[in-house]
1. From the backbone phi of the range 558-568, what are the Karplus-calculated ³J(HN,Hα) couplings (6.51 cos²θ - 1.76 cosθ + 1.60, θ = phi - 60°) in whole Hz, Gly and Pro given as x?
2. Amide H to amide H, which residues 5 or more places from T322 or on other chains are under 5 Å from it, using H placed in the peptide plane?
3. Of K290/K428; K217/K290; K588/K689; K389/K416; K217/K389; K164/K211, which pairs sit farther than 22 Å apart, going by alpha carbon to alpha carbon?
4. Would you mind calculating the gained length between Q440 and A646 on full extension (0.36 nm times residue separation, minus the Cα-Cα distance), in nm to one decimal?
5. Can you list residues whose amide H is under 5 Å from L357's amide H, if they're 5+ apart or on another chain and H is modeled 1.01 Å from N?
6. Taking Cα centroids, how far is the range 367-407 from the range 587-660 in Å?
7. Hey, can you grab everything whose amide H is under 5 Å from the amide H of E307? Only 5+ residues off in sequence or another chain; H modelled, so Pro and N-termini drop out.
8. Roll a 1.4 angstrom probe over the protein heavy atoms and tell me the percent of accessible area of the range 370-446 that is carbon or sulfur.
Amino acid sequence: GHATPIRTAIVAAWDSGTASSDDGPAGAPRPGGLLAMASMAGGDQEMDLPSLRRALSALERQVQEAQARVVATIEAKHGEFVSASEQISELRSCVARLRTDLQSAAVLLGRSAPGADEASAAAAAKSAAQRLHASVAEHRALREELQALEVAAVVLTTMLSAQKQLGDLEALSAAARYGEAAELTLAIAESLQGISAADNAAEPALVRAVKMQYYQKRAILVTRLEDALGSLIAFGPGPRIVARRSSLPEGASGPGAAATTTLHQVWDALHVLELRGRRIEQLAETAHRKVFAPLLEAARRLPVGRELQPSVVVDPSHEGVTWRWVEVDDGIGIENIMPHGNMQLAGKAGAEGRLRLVQCVLPSLESLLQFVQDHWTGGLNEVFVALGKRLWPYISRALLQHFDTCGRDGGEGLEKFEAAMLRAGLIKSTEKMLSRHVHQHRHALGEQRRTSVLSEVREWLLQEDGALVKVCDADEPGSITQLLQERMGEEPKLAASAPECSSSDGGFVCEKLRSALNEDAGLLRLPSMHVSPSVRRLVDRLRSLMEEIVTSVEHGRSEVAHDLNKLVRELCTLFAVLRPYAQKAQLKTNARCCAVFLADCLYLVHVLILMPYTYGARLPSEHRQLSFFVDLVPQLRRLGENHFFAMLRHHQEQLVSTLRPCDLGPGLSRDRTFIAAEAALGAAAQQAKAAVQGLAAALPEQLLREVAGVIVGMICQNLLGKLFALQHLAPDEVSCVTALFTAALAMSRQAFAAAGLADGTQRRQDGTLDDDVPGWAALTLVADLLGSEFSRFLERRGALVKVLNREEAVRLMQLSWRDEPISPEEAWAVLAGGAD
């Protein structure tokens, strides 16, 4: 059967082998090459034997290649040939079956024999069509009857199964196996759903009867569950007594068998029947009406000095637990039996019209809710949560509306009550009605406190300061001296002598102070100085607020602690804004006022720096940042320094203006000029003395000495500048200048003495002033050498080279010499070389 395809493949292979030379290998002969060679051999052209052999060899190669291509094509097409032959066989079988079917249809339709007339053929076809339609209708009717019989069989089977299951349901209900009975009701309902019609009226009576039995059995089951729940959870006589019986005595069968039922089984069965949510709502409503509302009303009406106390009584004989409350007065318990007539007083808060403290009812409420969780839920947390959703809104609203929630402890008891209910699972973490009310109350109190404190401190800062207050490290609360005494037991002279701290608090202080005090024992110690009374009271208030921060953190009131921390910062800001504004007219011109302001700033900065050491150890690590105020330190320090430097610039301008009549130029020897210069110098010295005395009222000694030296140095530098600006001095004018410089030095010493900065002998004082007063050593040297000869300069060459530079020394020699054989430049070379 494959001969024809194979021949076709061979022909195709031979045709491909004899294709054009464009697709073939190089040197292959063209189609008809063999015939061409034959014609050439038989033509006019003769071929020798080697050429013929070569031609035959080439022909043999072509034949082999053609054979190879034919074999490859056969192998590639063999599977297709086999598949095609198999399909042909199947098609032949199908055609045979169709021919047979057509013959059968022709027989069935009564096809007339070939050659019959057309009328008889049409009649036969019509008759066959009628018979065919009748057969189809009969088949349809039989099929519908069969389907009806099948449906009836299914319905009857389902009803028989339902009848058996209803019997089992009754038995399970009677045996108090409510969980299994509830599951069985679901199975029965599912099976009956399969045989139910869309229209109940169209259902057969038998089906409706079975459904009615199902509804009756289910209602009986629900009734028994409610009876069981009622027997397990009961409300006693009187609105303030609640009883719960854990189980009834054992029974064998019948209704008494329900005694073996537990709350867990009842709640599970109700859940299966999808009735638990509604029954919980009913229970919550009953509990609210018979227990919670009377309890809260009784707490509202409590006389002063009495409170409610919960009472739980266990009855072993009946395996029951009863909860009730009693009124307690001075340790005497009185059962709360309230006349019904008292209920007419609703709306009044106690006998005196005041709200009762919430603490009088919180223990009873917490005990009652714990009782509900232990004896009403059967260990099912979802039941307790569902009860909480319905009871908690009423309880929280009643507590907030009818009781004083924050009068005794600031709301701490209310917060603990809410936290206990959250831990118990009665409420979710998103329920924050009570704590939100407490936070709002605290925030309102905090705002009132904040307003009051800010107003009070504002009055302090606006007051005119009278007598100043002395402060020092030894007497200052929270100072380094006291911290070391408290933590180490003694005041070390140096940080190196500080003992090791074993406690965590001591380690916190010692670790921070040791490295700083190792470098400077006086670091962080408050020097003795005087501050304004208002700032001293401000610092005392800041320390009291820090104590409140520590207490609030210890009691878990972190939001209060943060508010107090914010208040401390606001007080410091109020000082920085209000104090300069109140004294802006004096800070620039009055040295005392500016010195007090600077001392106040330094004192406040010192207190803020030490607060982490004083209070940080008493705070947990997560709240320790509440004691840090170092971000305020640069602001306050710059505030004091800026105003102080502005005051110094103002005094410098005043001194320059005052010294302007003190002209050291020509004509100084005249009495009028000299007297004017001397008067100006005296006025400048008096001005400097007054400024130093004002600074001495507040500044610490070290800072006072430095600032006093700066102020006196302004006079010295002014006089030296005028002298070195001269080109020539007459001999009589030299003596006048010397007298003025000597008087300036004497009056400047009086300024230091008036401020209490004198150091014993004049020589020792001069040595100290050389270091403290800019230009003091130069002015002293100039007053001594002005008008002297070269030999005198040689004697003081060490001080001269040290105090004066080359230009100043040369100008001093030019103003002093008249007939010296050496020039000032040469003399400076000699002096500088000798000094080296």
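1. In residue order, the calculated couplings are 5, 5, 5, 4, 5, 5, 5, 4, 5, 5, 4 Hz.
2. Sorted by chain and number, the residues that satisfy this are R244, V313, V314, D315.
3. Details: K290/K428 25 Å; K217/K290 32 Å; K588/K689 17 Å; K389/K416 19 Å; K217/K389 32 Å; K164/K211 13 Å.
Long pairs (Cα-Cα over 22 Å): K290/K428; K217/K290; K217/K389.
4. Fully extending the segment from Q440 to A646 adds 69.5 nm.
5. Long-range HN contacts for L357: D404.
6. Answer, in whole Å: 56.
7. Here the answer is V328, since their amide H atoms fall under 5 Å of that of E307.
8. Whole-percent figure for carbon plus sulfur exposure: 51.
The values are calculated or read from the model by the stated rules, or taken from the named source; none is laboratory data. As the structure is a prediction and not an experimental result, all values here were calculated from the model. When the accessible area is computed, the model is the full protein with side chains, heavy atoms only, and any ligands, DNA or RNA have been set aside. Shrake-Rupley method; radii C 1.70, N 1.55, O 1.52, S 1.80 Å.
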